[in-house]
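The structure under discussion appears below in the form of structure tokens.
The values are calculated or read from the model by the stated rules, or taken from the named source; none is laboratory data. It should be emphasised that the depicted structure is a prediction, and the values quoted were computed from it without experimental measurement. Counting neighbours? That spans all protein chains shown, and the Cβs are built from the backbone with ideal geometry, glycine included.
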């Protein structure tokens, strides 16, 4: 990596913001935050290391946020403490290069952390162990490592889909699935050599049998070709759940329960069953041309839907014993699969593929059920745009270990709803801005990342176009810095009120756009102060409380009192939001001590935490 001065790094930050190899710290962050970045720079394969600049912070009060210097008064003390921590906190000592420099007359500290040799990776916090105590650099963030990351560090060439299924046999194969593969493969290449193989030879050629014992299936063989009975016996949670939710928001209303269809079977036939179920449930749509009022029929492209489902089954983590969920709302389809994206969100849609399950993926590519490697997301975007629908958006969450594909069906409305966009024709909005208006109307909020995915543009262009919508009072910003998102503004709310669609069909009740959604259906007494008994227990917590279970117990009682945001819980406990999520909330979600209020959209701007219901598993 090239060597940069602190001044050059400062200029780069103001040009492009933080990136995978530059991290700015104001100088007052906890030492653990700095050390996590050290760990991720040292670990990230192929990055070559990275720079940390202490004494530079983002000025969030400016109209156009810029980084500014934040003078460090005692750089010598920081250097001593920092070098000592690098030597003692990890499983092996790290030796970063630390220099003190000046920018605009203020003292800053530049740290360069080199990437470690592969035989020394991964480094990790001794107190936490592997994999949780190791970090990787994913985009501009430091992320806890997972079991999937361990394969990268230890150069394990054996993929999980080659795991042997003990007790399985050739008799567990569904003959219909084998025949489906042959039919699909013959369409692509009628003279393909494997078409002449026996069933056992074909399974062996596709990498679907245990290499040591050819009478046993491996995971790829079971999920691709195994019949439903075998799948239920060996992996009861490896299924696809089709969930039909009335309305546009996830509400666990016991008087208006959603309907669920659980589907099992070999993947080569299962994807057709789930697609048939969705297609049968979709209404006719309309498209209003620019030059007239006569609507024409349109609909969700079958190939885009198929690509989203195939991506879910190909790239899901089969280590996780959770089903794939296909949630059908009135205005969108969300496909949630276990396993975060191995590609960073910034690179989604770029050529090249990173897959957990290469043998499963190979079968889908060979049968043309999936796009060529790395082009699936880009193909989905193109198909949705051609159908005059908003491009799909994607959320990847390493902490909750899942990936969400979202297909918005905003043209599945009547003509009056489509005419709504003409209310803003005098503003000469771009196509991307029009898409953003529809998205906020249907989902309730939008951020820079979602806008980039929809419009296929860079961060700077997305920021500028969102600010234009803000200047027209169409959007109102919430949050700060990288956490900024936008909700409907006064002008847009006024226009929404004139739409013929009933209010309950909108994705978010209008009053809730700036109010926590949970509070709208909560009795007034739930908005008061927690009971005195809980507050007294909080008072007894020490500043450096080591009893994690004591703190978790209080959090559970707070969320039992009412559904709470992380910021509300943090305020009661006098902790930072990020610290609370990292130290407590993430683990409590994994342990099912708490549940998200919006499990279908983890990054929802009004996300909150609730205790499990008595009927939860």
Exercise. Only one residue in 124, 67 is within 30 Å of residue 465 (Cα to Cα) and crowded, with 16+ Cβ neighbours inside 10 Å. Which one?
Worked result: 67
For this session: Tell me which of these residue 183 doesn't satisfy, since it passes every other one: (1) within 18 Å of residue 365 (Cβ to Cβ); (2) modelled with pLDDT under 90.
Result: (2)
For this session: Please give the number of the condition residue 228 fails out of (1) touching a helix residue (DSSP H, G or I) at 6+ places or on another chain (Cβ under 7 Å); (2) in the same structural domain as residue 315 (by TED's automatic domain parsing).
Result: (1)
For this session: Give the residues of the stretch 202-224 that are surrounded by 13 or more Cβ atoms within 10 Å (Cβ to Cβ) and either part of a helix (DSSP H, G or I) or not assigned by TED's automatic domain parsing to the domain that holds residue 181 (or both), sorted by residue number.
Result: 202, 203, 204, 219, 220, 221, 222, 223, 224
Exercise. Does the stretch 52-61 include one or more residues that are more than 21 Å from residue 6 (Cβ to Cβ) and touching a residue at least 60 places away in the same chain (Cβ under 8 Å)?
Worked result: yes
Exercise. If you check residue 149 against the conditions, is it assigned to a strand (DSSP E or B), touching a residue at least 12 places away in the same chain (Cβ under 8 Å) and under 30 Å from the mean Cα position of the chain (by Cα)?
Worked result: no
Exercise. In the stretch 201-232, which residues are at pLDDT below 95 and farther than 24 Å from residue 315 by Cα?
Worked result: 212, 213, 214, 215
Exercise. Residue 591 versus (1) within 30 Å of residue 241 (Cα to Cα); (2) touching a helix residue (DSSP H, G or I) at 6+ places or on another chain (Cβ under 8 Å); (3) at pLDDT below 90; (4) outside the structural domain of residue 437 (by TED's automatic domain parsing): which is the lone unmet condition?
Worked result: (2)
For this session: Could you check, for the stretch 99-109, whether at least one of its residues is within 29 Å of residue 145 (Cα to Cα), crowded, with 19+ Cβ neighbours inside 10 Å and in contact with a helix residue (DSSP H, G or I) (Cβ under 6 Å, 6 or more places away or on another chain)?
Result: yes
For this session: Sort out for me the strands (runs of 3 or more DSSP E) sitting completely within the stretch 1-77 that have 3 or more residues that are at pLDDT 80 or above.
Result: 22-25, 50-54, 66-69
For this session: Sort out which residues of the stretch 135-160 are touching a strand residue (DSSP E or B) at 6+ places or on another chain (Cβ under 7 Å) and closer than 18 Å to residue 318 by Cβ, and write them in order of number.
Result: 149
